[in-house]
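For reference, the structure is listed below as structure tokens.
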């Protein structure tokens, strides 16, 4: 089952969803097919002016709506996947240009996704990749 979870997560990331498209509803079928209706997203505590948790599809849209308000061309590109049984760690490069200021920036992050019955139930975003691996019970 764990390799199945990695493949599900790999499929979701391969879609290359963009924040503006999520807000428009372009990826509603992805949410329906791959996310639990009561899924939860937990952003890093260091992010200013965001909620501590976003729940359900509407919560995910709110999160991506905030990212779309702040960034031009906000993207998440997966670099590596780690199998942790019912959880999958994704090393991702997040990029975009801050609206109004110009230059594109990119940061390394890690996403810890929890799956149940083939659906993503929880996504935790880490700015420290080692911390994400540790939370999943893994080491690089």
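None of the figures in this text is laboratory data; all of them are computed from the coordinates on show. All of these numbers come straight from a predicted model, not from anything done at the bench. Ideal geometry is used to build each Cβ from the backbone, glycine not excepted, and the neighbour counts take in all protein chains shown.
Only counting other Cβ atoms within 10 Å, I'd like 120, 8 sorted with the fewest neighbours first.
Ranking 120, 8 by Cβ neighbours within 10 Å, fewest first, gives 8, 120.
Projected label points at residue 30 and residue 107, each 7 Å from Cα along the beta carbon direction, are separated by 2.0 nanometres. Placing a label point 7 Å from the Cα of residue 53 along the Cα-to-Cβ line, the residues of the range 101-135 whose backbone N sits under 12 Å from it are 122-123. Just checking the listed ones, 46, 17, 97: in the Gaussian network model of the chain with Cα springs under 10 Å, the one fluctuating most is 46. Per the Kirkwood formula applied to alpha carbons, the chain shows a radius of gyration over Rh ratio, Rg over Rh, of 0.94. When only Cα pairs below 8 angstrom with a gap of at least 6 residues are kept, the chain shows a relative contact order of 25 percent.
Here the residues 90, 6, ranked from fewest to most Cβ neighbours within 10 Å of their Cβ, fall in the order 6, 90. Residues 82, 31 in ascending order of nearby Cβ atoms (within 10 Å, fewest first): 82, 31. Please find, in a Gaussian network model of the chain (springs between Cα atoms separated by less than 10 Å), the residue of 47, 27, 81 whose mean-square fluctuation is greatest. The residue with the greatest mean-square fluctuation here is 47.
Considering only 124, 69, 77, the Gaussian network model of the chain with Cα springs below 10 Å gives its largest mean-square fluctuation to 69. Taking a ≥ b ≥ c as the square roots of the Cα gyration tensor eigenvalues, the range 28-72 comes out oblate, since a/c reaches at least 1.5 and a/b does not exceed b/c. Please give the helix 2-14 orientation as an angle from the longest Cα principal axis of the chain, in degrees from 0 to 90, rounded to the nearest 10. Rounded to the nearest ten degrees, it is 20. Computed per residue of the chain from DSSP H runs no shorter than four, each worth -39500 (n - 2.57), the mean residue ellipticity at 222 nm is -10000 deg cm²/dmol. Taking 0.36 nm per residue of separation and subtracting the current Cα-Cα distance, fully stretching the chain between residue 69 and residue 4 would add 20.0 nm.
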